[in-house]
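See structure below.
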Amino acid sequence: MKDKPETEMSSKEHSADPSAVKTAARRRSGLYLESTDAEQLGVLPHECIRVKDVMSRSVSVESPLTEIGEAVRLMKSLDVRVIIVCNGRTIVGTLSDREIALANAHSSEPICKVMTPHPACCCENDLLIDALAVMRARGFAALPVLNSSGLLSGIVMLTESTPRLLAEDNPIGLA
């Protein structure tokens, strides 16, 4: 009896908000015996890089009620461009240095006024090309990464070296 083809990623939403966006699931092709992951997922070998292989596990997290001035000081001291905004264990938004610059808000206002609410997320086992596609489509510089339990486990960010990760002449996919 043949089972349905496996889905590499769960399409289950990891946020309490139904408007949250997640990377789309890739279906495996049904070739199981001696096929590689890349063949099963329908991508080129250099495109079969998982988010968990390139993400940063060092994530700056703040409450939605944190003042903008405090968030700016934290971002400068940690030399980060993006902060994940969580209410307890739930991701409620992201805050980037660009959003702060464009907001024209007073430094004593809470970051929930200028953050991007209900951010797109990806999972550790998602393909990097899928995460990058979401980032390009939505204009994000970073995506929160969730583990299999739906909890924050890291962040994947666009950097100067990101295009080199997917270069066709880079056979193992690492810069």
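Read-outs: derived from the displayed coordinates by stated rules, not from any lab. Owing to the predicted nature of the structure, the values given are computational and were not obtained by experimental measurement. Virtual Cβ from ideal backbone geometry, glycine too; neighbours counted across all protein chains shown.
Taking 0.36 nm per intervening residue step and subtracting the Cα-Cα distance, what contour gain separates Ser149 from Leu65 on full extension?
On the way: separation 84, 0.36 × 84 = 30.24 nm, distance 2.57 nm.
Full extension of this stretch gives 27.7 nm more.
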| query | Applying the Karplus parametrisation 6.51 cos²θ - 1.76 cosθ + 1.60 with θ = phi - 60° to the phi angles of segment 124-132, what ³J(HN,Hα) value in whole Hz is obtained for each residue in order, glycine and proline being reported as x? | reply | 4, 8, 5, 6, 4, 4, 5, 5, 5
| query | Measuring from centroid to centroid over Cα atoms, what is the spacing of segment 60-77 and segment 86-112 in Å? | reply | 8
| request: Name the residues whose placed amide hydrogens come within less than 5 Å of the amide hydrogen of Thr90, ignoring near sequence neighbours (fewer than 5 apart) on the same chain. | output: none
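For a quick check: sort Leu74, Leu128 by the number of other beta carbons within 10 angstrom, fewest at the front.
Leu74, Leu128
Going from the alpha-carbon gyration tensor of segment 37-165, what semi-axes, largest first and in whole Å, does one get by taking the root of 5 times each eigenvalue? Working shown, then result.
Values: eigenvalues 167, 43, 28 Å².
Calculated on Cα positions only, the semi-axes equal 29, 15, 12 Å.
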